[in-house]
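Participant: Following this message is one structure expressed as structure tokens.
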Amino acid sequence: MSKLIFTKEKTNNSIGYVGGGVSEMDENFWPKCPEKKTYQTHLFTVFPNFFRNGSIDKDKRISVFISVEKHPLGGVKEGISSRYTVNQRNDLNLLSQGYSKALIYDVSDNENELSLAEINLSKKYFEIIPDDDKYMEEEHKFFEEHGMGLDISKLQGIPYFEQDIITPPRKYSFCLQLLEEDIESDLNIFQSGIGYFYLDRNIKKLQSGDEAGLFFMQNT
């Protein structure tokens, strides 16, 4: 498990990025919001080096999209984002409606960044801070006291939950935790909560355009 840091520019250590558009993806894969058929907002993309065990080939990417609609008074409409909000285990059924999507796809020849959504988030790259003894001690102590991991943006490890501890089916493994303040500070896309990505364990068997896992958020 490793803590993430965010940078404005891509570095040799970047393993993915949040916000912006998507390059090298067939635009036919870009998902739409089931309700209004508008294009979903790109949340993040991970590169092959995101996976330290070589889970995906160098010519593949995984991108996560969420349905977002601005509220007239500011922020986003909770009625849309509630469709991928999982505050208790039974809420996992909501994800089958398709208001959030995690897709794996082959890299296309088009290197231009594609942006089809009406709402785009600011683009930031992210990379890993190597674990040190102090951090591991804090994580271990927090787990002993609360039964969860630290509430930070991180790769793998043990997730932190604002509400009930969520355990998706064994088909999925915890992969990424994102804090809202690390992504953006204006729209409150997670309603001051946390986003979670669970990867399909059979990722190597998936084809281009297949769903690669589950993404949901949780808040208080």
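Participant: Of all residues in the range 147-181 being under 16 Å from the mean Cα position of the chain (by Cα) and polar (S, T, N, Q), which is nearest to residue 217 (Cα to Cα)?
Facilitator: Within the range 147-181, the match that is nearest to residue 217 (Cα to Cα) is 177.
Per-residue answers, yes or no, for (1) buried (at least 21 other Cβ atoms within 10 Å of the Cβ); (2) under 17 Å from residue 220 (Cβ atoms); (3) at pLDDT 90 or above; (4) in contact with a Cys (Cβ under 9 Å, 6 or more places away or on another chain):
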{"residue": "145", "(1), (2), (3), (4)": "no, no, no, no"}
{"residue": "183", "(1), (2), (3), (4)": "yes, no, yes, no"}
{"residue": "190", "(1), (2), (3), (4)": "yes, yes, yes, no"}
{"residue": "196", "(1), (2), (3), (4)": "yes, yes, yes, yes"}
{"residue": "199", "(1), (2), (3), (4)": "yes, no, yes, yes"}
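Participant: Now, a different point. Of everything in the range 17-35, what is open to solvent by 40 Å² or more (accessible area, probe 1.4 Å) and either within 22 Å of residue 184 (Cβ to Cβ) or part of a strand (DSSP E or B) (or both)? Give them in sequence order.
Facilitator: Matches in the range 17-35: 32 only.
Participant: Let me ask you something else. Go through the range 46-96 and count every residue that is part of a helix (DSSP H, G or I), within 14 Å of residue 190 (Cα to Cα) and aromatic (Phe, Trp, Tyr). Full working, then the answer.
Facilitator: Looking only at the range 46-96, we keep the residues that are part of a helix (DSSP H, G or I), and these are 48-50, 78-84, 89-96.
Going one step further and asking which of them are within 14 Å of residue 190 (Cα to Cα), we end up with 78-84.
From what is left, the residues that are aromatic (Phe, Trp, Tyr) are 84.
Qualifying residue count, the range 46-96: 1.
Participant: For the range 155-163, does any single residue satisfy the condition of being under 21 Å from residue 44 (Cβ atoms), modelled with pLDDT of 90 or more and touching an Asp or Glu at 6+ places or on another chain (Cβ under 6 Å)?
Facilitator: For the range 155-163, residues under 21 Å from residue 44 (Cβ atoms), modelled with pLDDT of 90 or more and touching an Asp or Glu at 6+ places or on another chain (Cβ under 6 Å): present.
Participant: Next question. Among the residues of the range 41-91, count how many are farther than 18 Å from residue 118 by Cβ, touching a residue at least 24 places away in the same chain (Cβ under 8 Å) and among the basic types (Lys, Arg).
Facilitator: 3
Participant: Specify the residue that is farthest from residue 108 (Cα to Cα); the eligible residues are those in the range 36-65 that are touching a Pro at 6+ places or on another chain (Cβ under 9 Å) and loosely packed, with under 15 Cβ neighbours inside 10 Å.
Facilitator: Across the range 36-65, the extreme among qualifying residues is 54.
Participant: Only one residue in 96, 14 is modelled with pLDDT of 95 or more, over 15 Å from the mean Cα position of the chain (by Cα), within 22 Å of residue 194 (Cα to Cα) and open to solvent by 10 Å² or more (accessible area, probe 1.4 Å). Which one?
Facilitator: Values: 14 fails: open to solvent by 10 Å² or more (accessible area, probe 1.4 Å).
From the options 96, 14, the qualifying one is 96.
Participant: A follow-up question, please. How many of the residues in the range 169-178 are open to solvent by 10 Å² or more (accessible area, probe 1.4 Å) and either farther than 22 Å from residue 5 by Cβ or in contact with a Lys or Arg (Cβ under 9 Å, 6 or more places away or on another chain) (or both)?
Facilitator: Just the residues of the range 169-178 that are open to solvent by 10 Å² or more (accessible area, probe 1.4 Å), to begin with: 169-174.
Of the ones still in play, those that are also either farther than 22 Å from residue 5 by Cβ or in contact with a Lys or Arg (Cβ under 9 Å, 6 or more places away or on another chain) (or both) are 169-173.
Qualifying residue count, the range 169-178: 5.
Participant: Looking only at residues in the range 22-60 that are modelled with pLDDT of 95 or more and of a type outside the set (A, V, I, L, M, F, W, C), which one is nearest to residue 178 (Cα to Cα)?
Facilitator: 45
Participant: Something else: Condition first: farther than 24 Å from residue 168 by Cβ, open to solvent by 50 Å² or more (accessible area, probe 1.4 Å) and in contact with a helix residue (DSSP H, G or I) (Cβ under 6 Å, 6 or more places away or on another chain). Can you find one or more residues in the range 74-90 that meet it?
Facilitator: no
The values are calculated or read from the model by the stated rules, or taken from the named source; none is laboratory data. Because the structure is predicted, anything quoted here is derived from the model rather than measured. So basically every Cβ, Gly included, is an ideal-geometry build from the backbone, and we count neighbours across all protein chains shown. When the accessible area is computed, the model is the full protein with side chains, heavy atoms only, and any ligands, DNA or RNA have been set aside. Shrake-Rupley method; radii C 1.70, N 1.55, O 1.52, S 1.80 Å.
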